[in-house]
């Protein structure tokens, strides 16, 4: 036998790579492989016929367990053992090795022995690898699945079987689309089905990492979970593909937290205009369908008129006016990326499917926001409630800004109308007509004004003016100039 040059992660006692030493019933060396020569530095002609206890003497041990081979105290033919020893090579170098000794039957029932030897460092690495794999299979919270070249599931560890609630044998040999009929890929957008990922990994040999998959499981069919899945190809020593291994980790909680942060980030777009109705529409568009199935936003009529809002101590405000209402559709859910309500991390302690939140600012109540969820979506969790309260608080600030603008706009408009002439003189020789339309845009009332002044000699002065600026200050300046 000739040792393979590519040992990789093979068993160090594999017959193609390990040093092999054959002993007769008296413990003398009768076989010495090329790998043994490379490991211990001794030629075959120098070791054949010599006692193994002499050839593989442990320079760091007082006793020698190999001394008993071939004597009356030798281990029984069925026994085998593993031991470590340090052997001095002919060139003086010390070799740390691990021996695995086991008996084989010879003619006339006399036992002979085979010693498999490997360098200690390689043995330690292999033992560590095996321990790591064992822990990964049995203890780590990572789901491991192996798909064959036909994309059918051939093997799954205990984590996958427990999460999926599978009974023994019902999943083996099944296609992915049969096992997960309601699952879908959230990201990356290049993939739509898991089969596409499996085919690409099998074809190219390149791993595909961190694919976000969402779907229900048989064990929790009422709720959706999100998993981060990574796929890599399995192949034999010759490089021929054997299948694809998928490693999955449940990231539902982390995904929901990130989605909530993204929703809060998008909330900065609320209140782009000093208009209560538009602000309410922006909030409704933000929360449906990502946070709720439906939303209803109502604002007190006193707020719409620019008056001071009622105190929150007086309870819910009266005279509420509907400003925005929205209900999700199946298409809107399919197109949404966050899908907080659709995901749901599981049942909550309270079956909260309705959240009624006041639009509070200081000690005043400006209105109410009502959010609802319908089955099969999960009820609102504590995290959902905190997010809804933050959105309601931001909306209340925007609504109050719009209220203040309405109040200032109304005040400036009234002031301007009061300062403009209530009636114009009708001098002889001309006929007068007038009309004034104040600004309605976000810049507010300006300082525009007009007047007619009768002069001597049948003359008339016609005056039109515009004060730079807008609002109450511009209107007041207009009054002084006109006077």
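Details
- Against the conditions (1) at pLDDT 85 or above; (2) not assigned by TED's automatic domain parsing to the domain that holds residue 378, residue 218 satisfies every one except (1).
- Candidates are the residues of the stretch 18-44 that are in contact (Cβ under 8 Å) with a residue 40 or more places away in the chain and part of a loop (DSSP other than H, G, I, E, B); the one that is farthest from residue 112 (Cα to Cα) is 41.
- Answer residue from the stretch 448-483, given it is assigned to a loop (DSSP other than H, G, I, E, B) and at pLDDT 80 or above and is surrounded by the most Cβ atoms within 10 Å (Cβ to Cβ) among those: 458
- Test: residue in the stretch 331-344 that is assigned to a loop (DSSP other than H, G, I, E, B), at pLDDT 55 or above and surrounded by fewer than 16 Cβ atoms within 10 Å (Cβ to Cβ): no
- On the stretch given as the stretch 227-260, residues that are assigned to a helix (DSSP H, G or I) and either free of Cβ contacts under 8 Å to residues at least 60 places away in the same chain or closer than 17 Å to residue 199 by Cβ (or both) total 2.
- Spans of helices (runs of 4 or more DSSP H) in the stretch 128-209 with at least 3 residues touching a strand residue (DSSP E or B) at 6+ places or on another chain (Cβ under 7 Å) and at pLDDT below 90: 158-164
- Among the residues of the stretch 243-256, just one is loosely packed, with under 15 Cβ neighbours inside 10 Å and at pLDDT 85 or above, namely 254.
- Filtering the stretch 14-27 to residues that are surrounded by fewer than 20 Cβ atoms within 10 Å (Cβ to Cβ), modelled with pLDDT under 90 and under 20 Å from residue 105 (Cα atoms) leaves 15, 24, 25, 26.
- Candidate set: the stretch 35-54, residues that are modelled with pLDDT of 90 or more and closer than 18 Å to residue 96 by Cα; chosen: the one surrounded by the fewest Cβ atoms within 10 Å (Cβ to Cβ): 38
- Subset tally (residues that are within 44 Å of the chain's Cα centre (by Cα) and free of Cβ contacts under 8 Å to residues at least 24 places away in the same chain) for the stretch 109-124: 1
- Near pairs, Cβ below 8 angstrom, 6+ apart or cross-chain, from the stretch 417-429 (farther than 20 Å from residue 465 by Cα) to any residue that is assigned to a loop (DSSP other than H, G, I, E, B): 426/432; 427/458; 428/458; 429/458
- When the stretch 221-246 is filtered for residues that are over 15 Å from residue 205 (Cβ atoms) and in contact with a helix residue (DSSP H, G or I) (Cβ under 9 Å, 6 or more places away or on another chain), the ones remaining, listed by number, are 223, 224, 225, 226, 227, 228, 229, 246.
- Some residue of the stretch 212-221 being more than 25 Å from the chain's Cα centre (by Cα) and surrounded by 18 or more Cβ atoms within 10 Å (Cβ to Cβ): no
The values are calculated or read from the model by the stated rules, or taken from the named source; none is laboratory data. These numbers come from a predicted model, not from an experiment. Don't worry about glycine lacking a Cβ; one is built from the backbone with ideal geometry, like all the others, and counts go over all protein chains shown.
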